[in-house]
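A quick write-up on the structure given underneath.
Values quoted throughout were computed directly from the atomic coordinates according to the rules given, and no laboratory measurement underlies them. A quick note: this is a predicted structure, and the numbers were derived from the prediction, not measured. Cβ coordinates were reconstructed from backbone atoms using ideal geometry, including for glycine residues, and neighbour counts include every protein chain displayed.
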Amino acid sequence: MVVGLGAHAAAWSQDVQKIERVEITGSSIKRIQDEGALPVQTISRKDLDRQGIVSAEQLIATLSANGNGLDNLASNADVVSGQARGNNGATSANLRLQGANATLILLNGRRIAAHGLNGGVVDLNQIPMAAIERVEVLKDGASSTYGTDAVGGVINFILRKDYQGLQASAFTDVTEHGGGNIYRASLTGGAGNIDKDGFNLLAVLSVTDNKRLDGSQRDFVNSFQPERGLSPDTRGTPFATLFLPTTTGTTIRNVLSRPGSNANTGPLYNGAAINSVNILDLPGQAGCASQPGMGPYAEKLWNSASASPANQFGCAWDTGRAAVIQQPVRNTNLVTRGQLKLGEHMLTGEVLLGKSESTKYFSPNQISSAASTSTLGLPNGTTTRNPFADLAYPSSGAGYQRVFDALVAQFPSLAANQGLPMTFRWRCMECGERAIGTDTDTGRYLVSLDGPLPFLKDWDYKAGASHAYSKSTSTLESGYHNYVGLANLINTGVLNPFLLAGESQTPAALAALNAISAAGTRLYGGKYTTDEFDATVSGPVFKLPAGDVMAALGVDYRIEKYRFDGNTSVNTNDINTWVYNAPFDNINALSGVKRKVGAIFGETIIPVVKNLDLNLSVRYDKYTGFGSTTNPKASVRYQPLESLVFRASYSTGFRVPTFNQLFNGVTESPYTGAGVPDPATCPGNVVSNAPGCQAITFNTLFGGKSDLRPEESKMSNIGFVWQPSPAFNMSVDLWDIKRDGQIQSLTLSQILNNYQLFPEAFLRDGSGALKIVDTRWINTGETRTRGLELSMRGSTPLNGGRLTAGLDGTYLLEKKSKLLDNVPFGPSEVGRFTRSSELGLRWKHSAYITYAYGDWAWSLRQQYSTGYYGYVPPGVANGNATAPAFDPWVKPYYLHHVSVAYTGIKNLTITAGIKNILDQDPPFANSYDSNTGSGSSWEPRVADPRGRSFTLGLDYKFF
């Protein structure tokens, strides 16, 4: 929103100062509201209502300046890795593609607590949207005002003030195809007029309920499209796939072991040794697709030509359709606010309480006897035998003979293996979908006082003290079972991994499975608290010919505390108490860590000459464990014409590591993706039969590093605002952000492909064999992001009403990075696929047209994202796979929404709308990866999977 340009800093004379000054996000100086030196976008309460926005996540999705990371309920669904792993039910903001931990979230200009599990990013579910009056989005660095985290920008949610009356609101957003519905109800009450009565009391209670959306509820979710370069890289199927024994697990002979050879050599087919078989895929059998959710394993997409024949009789499972592609979250918020006028001073007290209840669903557990390590580490440093290392289905099992007979029909030589056990990989559908419930309680208690300084004319002050917290607890709800008990049920043949469609486990097996369920087991919990005191004074210092020199001085002191705990009653030296595949994260337990932050800051606005203002600010922060940092900012505002403003700014910024990035324990996990060679012996890094290029097995490390240093950044912005008439204005801003030492956890592919840069990440045994790859957090080299932001607003009378239109767009000019300071920048990342970091889309915009006539207002909105070059599977890249319909270009994505509001009934406002009126599906994107399946055939960082939906909102004001 661009406001009028008539008032500007150069006109700050004694006469003009009678006009009310306001504090604008990004500055500590109260001023006459005008279009200043910083790009600030304002979204009003009316804008939110007309768009049918009832949550902060929905609002963030409409901002063209917001990035495309793992920040929403869709992209964070199912299995994620790295820093997003603990974000159960959380959603966050991400301005200018700098990441959620580089965007500062404020509520009424002050900080709120980071998420209790993540410990470094604010969960937007705690924002009480029903009580929000407006949102101010500062699209510029602001470390000189707010300190750490304000690298990409600041989003300031501002509560309603001086509200009087009682209002009830109800809203529903129902999808046409089912699933993903959204509901909200709220009650708002306020009493007292600040000017007349000297006080105001406000209370807002709201409940928002986002329902789950399953991949099976959307036709565009389909992982079996090998002709387009998409097919699941998982052979953990509901009808189990047989595997040879492995040297890392059991080494006894099994039914696939070739007679007369060693245990790890399979039968021959057309001269090629076979190492895995799903009997449904054998010639003459029913086929993989005969079972729900299964299809042929397109091994050539993932393996080299030499390895493909070994897996040619494999089936895969569509984890995309099995996934919950949008998490369910229920938020309850209570806001109470009181203001008391004490002469010219205002005493304010706020209590904000919230509860977020979410459930994160995963596909049923995959059980593997072929890829399990032989030992497991215990907390005391010893090891114990992994119960799955000896996991095998016995000949006494009910499904044994059917599988064995089909196997021998194709490979007669295996008849000699009658009675040998079957090792396999199996998706245990009877175990049920895994579900982790997370309850997060949030709150902020604030008292503040502001008004004129009694001893300095025309100077104001504000001071406040607050306590904010976010406390989360996660619990296993379903799909998890006792580790040893599950192995016993399979080893004794009670559970049958080889069931066809329509068949089911025996009642005895289901009862036994239920008896070892871990439902109700506490998983982990965390709490983040922020105690803060701040005080600022501002006012005129002296007078120049062009106007008053304004200044502000302030202090800020806060204490941040964080703790995280797992479930030590489960993770003990007794493996019999362990729960299979439950992410207890006990290794990350923190009994309590804290940091103290003290800061002083100052700001001045100097009217250098008429129509030219210089704004200078600087902040000095001292952090426990990191020493001190000083960050300045300079901005210029020049108005040569009444209709034209030029603006520019330059600043430095910083971001300290989060507690988790510093203190998380180190987790060692086996790599289970597509085969990779040792990059030290295979320069091309492609699996083949060439010496040194065979696929290897190894583990990966992930966790914190205590020697991380803060990131440093430099931000600049230059642009103009043009308002040739009161009915039209536009702004254009060119921005540039450089970050040095950015804290990242590089993907395994990045590390493998840059072996020479990170030799310390490859840990080897005495013989030189690769055993571990370290993927923990590191300070990388430099990243640079640069773009243009365009904003336009216009209105005109039309047939007795008013037509208004607007557009906000972001054009990404540059996005590149270098892994270390002493190496060159890599290729451009604009319009190129990345696995888990930001997708650098070239252009995004949000546009609208609104026509208001009498009691009616109609709106049409468009959201648009340009296309990009998507993921290229390894088999396509090396020419092994044939994918005739493969197209790396992911098409642009656009949505259109319509709404109408009617106020012709006394005290009642009715708003109805249709979102995604064209029922646009997300464009096809082969974003599937073996470890993160929620995206499947679409990209959740870009697209909304809900489809067409119908909204209805009712607001009734009783008095």
Checklist entry - If R0 is 60 Å, what FRET efficiency do you get for VAL900 and LYS341 from their C-beta distance, rounded to 0.05? => result 0.90
Checklist entry - Tell me which aspartates and glutamates have Cα within less than 20 Å of LYS610's Cα, excluding those fewer than 8 residues away on the same chain? => result ASP15, ASP34, GLU35, ASP548, GLU642
Checklist entry - In terms of Cα to Cα distance under 18 Å, which aspartates and glutamates are near enough to LYS705, apart from those fewer than 8 places away along the same chain? => result ASP585, GLU668, ASP740, GLU760, ASP774
Checklist entry - Which pairs in the list LYS139/LYS891; LYS196/LYS462; LYS139/LYS714; LYS139/LYS815 are over 26 Å apart, alpha-carbon to alpha-carbon? => result LYS139/LYS891
Checklist entry - Between Rg and the Kirkwood Rh of the chain, both from Cα atoms, what is the Rg to Rh ratio? => result 1.00
Next on the checklist: Charges at C-beta only: +1 for Lys and Arg, -1 for Asp and Glu. How large is the resulting dipole of region 219-336 about its Cα centre, in Debye rounded to 20?
Outcome noted: 240
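Report the FRET efficiency, 1/(1 + (r/R0)^6), for ARG709 and ALA465, where r is their Cβ-Cβ distance and R0 is 30 Å, rounded to 0.05.
Details: r = 31 Å, r/R0 = 1.04.
For ARG709 and ALA465, the calculated efficiency is 0.45.
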Checklist outcome for this item: Fraction of alpha-carbon pairs in region 794-873 farther than 22 Å apart, rounded to whole percent, equals 50
Item to check | Sequence-separation-based contact order of the chain, relative, with Cα cut under 8 Å and 6+ spacing, percent | outcome: 14
Checklist outcome for this item: As straight-line cross-link partners of LYS211, the qualifying lysines (C-alpha separation under 27 Å, not fewer than 8 residues apart within one chain) are LYS46, LYS355, LYS360, LYS471, LYS527, LYS915
Checklist entry - At what distance in nm do the modelled label points of PHE720 and ASP162 sit from each other, each positioned 7 Å from its Cα along Cα→Cβ? => result 3.7
Item to check | Relative contact order (%) - criterion: Cα under 8 Å, at least six apart; region: region 749-879 | outcome: 18
Checklist outcome for this item: From fewest to most C-beta neighbours within 10 Å, the residues ILE105, ILE600 line up as ILE600, ILE105
Checklist outcome for this item: Expressed in angstrom, Rg and Dmax over the Cα atoms of region 758-898 are 23.6, 85
Checklist entry - Across region 124-134, in residue order, what do the Karplus-derived ³J(HN,Hα) couplings come to in whole Hz, using 6.51 cos²θ - 1.76 cosθ + 1.60 with θ = phi - 60° and x for Gly and Pro? => result 5, 5, 7, 6, x, 4, 5, 9, 7, 8, 6
Checklist outcome for this item: Simple spin-label estimate for ALA885/ASP405, 7 Å along Cα→Cβ, in nm, reads 3.8
Next on the checklist: Positive end of the dipole of the chain, charges at C-beta (+1 Lys, Arg; -1 Asp, Glu), about the Cα centre: which of ASN303, GLY141, TYR671 has its Cα farthest in that direction?
Outcome noted: GLY141
Checklist entry - Relative to the present Cα-Cα distance, how much length would full extension add between SER591 and PHE728 at 0.36 nm per residue of separation? => result 43.6 nm
Checklist entry - Based on the Cβ-Cβ distance of THR384 and ASN262, what FRET efficiency does E = 1/(1 + (r/R0)^6) give at R0 = 30 Å, to the nearest 0.05? => result 0.65
Checklist entry - Pulled fully out, how much extra length does the chain show between TRP856 and SER290, if you take 0.36 nm times their separation in residues and subtract their Cα-Cα distance? => result 198.3 nm
Item to check | Net lengthening on full extension, GLU503/ASN488 (0.36 nm per residue, minus Cα-Cα) | outcome: 3.2 nm
